[in-house]
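Scroll down for the structure; my scribbles are underneath it.
The values are calculated or read from the model by the stated rules, or taken from the named source; none is laboratory data. Values in this document were obtained by computation on a predicted structure and should not be read as measured data. In this analysis, Cβ positions are derived from the backbone assuming ideal geometry, glycine residues included, and neighbour counts consider all displayed protein chains.
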Amino acid sequence: MPANGIYLPSANALGFSTNTTARGSISSTGAWSINTPSSGSVALTVTGVAGTHSARITDNNASTYDVGYLGIPQNSQTSAYAPTLQDRGKHISITTGGVTINSNPFTYGSVSATTWTAGDTFLVVNNSGSNQTITAGASVTFRLGGTATTGNRTVAQYGVASCLCIVGGSTPTFIIAGTGVT
């Protein structure tokens, strides 16, 4: 491997290095891999073309999204639902059964995310003609935006509730506010 530059780590890949350390590679299918830096720097910087969305990110569910603020992706649910960390930055469209926010937001495969973090945000959209309830799971506190009121929240028909985690950890607190939220 050269001290700095391009090398061929295998017959089907192209690699990049600096100071004789592999920094990343491109496979024969065009997939890019960026190696984690060894100390305090950013692992990846993406620079797009002005006015376009030339960079995309794929999450662990193989859903692909353009990079940058473009909208609020939808997670459509037709029965009772408990948000996961994958719902951050999205809106949950619920038609029946309500939403329960648990202190342990999800477990998938061998990876377990145990708590919400301050700043985690998502919307709950009541996409029905009936009220939907946002229920605080065990060890979760809700505060109605603009008040000291705590407890479960009701989202009126076709209402929208923003859910913002203001205290993370094993006993998270969310401020819930929006149109038709009581």
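Screening Thr179, Thr173 for residues that are polar (S, T, N, Q) and buried (at least 18 other Cβ atoms within 10 Å of the Cβ) leaves exactly one candidate, Thr173.
The single residue among Asn127, Asn131, Asn104 that is surrounded by 15 or more Cβ atoms within 10 Å (Cβ to Cβ) and more than 18 Å from the chain's Cα centre (by Cα) turns out to be Asn127.
Scanning the range 139-170 for residues that are β-branched (Val, Ile, Thr) and either more than 18 Å from the chain's Cα centre (by Cα) or at pLDDT below 95 (or both), which turns out surrounded by the fewest Cβ atoms within 10 Å (Cβ to Cβ)? Filtering the range 139-170 for residues that are β-branched (Val, Ile, Thr) and either more than 18 Å from the chain's Cα centre (by Cα) or at pLDDT below 95 (or both), the one surrounded by the fewest Cβ atoms within 10 Å (Cβ to Cβ) comes out as Thr147. In the set Pro9, Pro2, Pro37, only one residue is modelled with pLDDT of 70 or more and either not basic (Lys, Arg) or not assigned by TED's automatic domain parsing to the domain that holds Val160 (or both); that residue is Pro9. When the test is whether a residue is among the aliphatic types (A, V, I, L, M) and crowded, with 17+ Cβ neighbours inside 10 Å, Ala136 passes it. Selection of the range 148-179 for residues being out of contact with any Gly (no Cβ under 9 Å at 6 or more places or on another chain), more than 16 Å from Thr133 (Cα to Cα) and assigned to a strand (DSSP E or B) yields Val167, Gly169, Thr173. Closer than 16 Å to Pro83 by Cβ, in a strand (DSSP E or B) and modelled with pLDDT under 95: does that describe Thr107? For Thr107, the condition - closer than 16 Å to Pro83 by Cβ, in a strand (DSSP E or B) and modelled with pLDDT under 95 - is met.
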